[in-house]
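S.K.: Below is a structure I'd like to ask you about.
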Amino acid sequence: MEAFELAVQNFKEKGDQTERASSSRVSAVIQLPDQRFTVIFALAKRDPARARKLSEQMLQDDARDVAGKSEPEDRRKHENRNHRLQRFKSGFLSV
């Protein structure tokens, strides 16, 4: 699926993206949506089996990426993404 491949490419290039709500130093930091989740969510409405397969692929790719990293920051980000994906799968894909 081309949309998912583009979302994966975007994530590999930019990682977890954040932006400030304003130019002020004390403004809130907003985490931008991971486009891989956006694609999986949209696909799940029409093809839940395919969405489940892509979510499993995403989990495996993330696990492979973080396997060699020992930085606690990298591991925490990975655990947060996995938690979000597991919540998503149990809620939406169980239908």
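S.K.: Can you compute the modelled spin-label distance between residue 17 and residue 59, with each label point 7 Å from Cα toward Cβ, in nm?
M.R.: Roughly 2.6 nm, to one decimal.
S.K.: Here is a follow-up. Residue by residue through region 46-54, what is 3J(HN,Hα) from phi via Karplus (6.51 cos²θ - 1.76 cosθ + 1.60, θ = phi - 60°)? Round to whole Hz and write x for glycine and proline.
M.R.: 9, 9, x, 5, 5, 4, 5, 5, 5
S.K.: Separate question: At 0.36 nm per residue, minus the direct Cα-Cα distance, what do residue 31 and residue 84 gain on full extension? Give it in nm, one decimal, please.
M.R.: Once the chain is fully extended between residue 31 and residue 84, it gains 17.8 nm.
We did not get these values from a lab; they are worked out from the coordinates using the rules stated. Remember, predicted model here, so these are calculated numbers, not experimental data. Don't worry about glycine lacking a Cβ; one is built from the backbone with ideal geometry, like all the others, and counts go over all protein chains shown.
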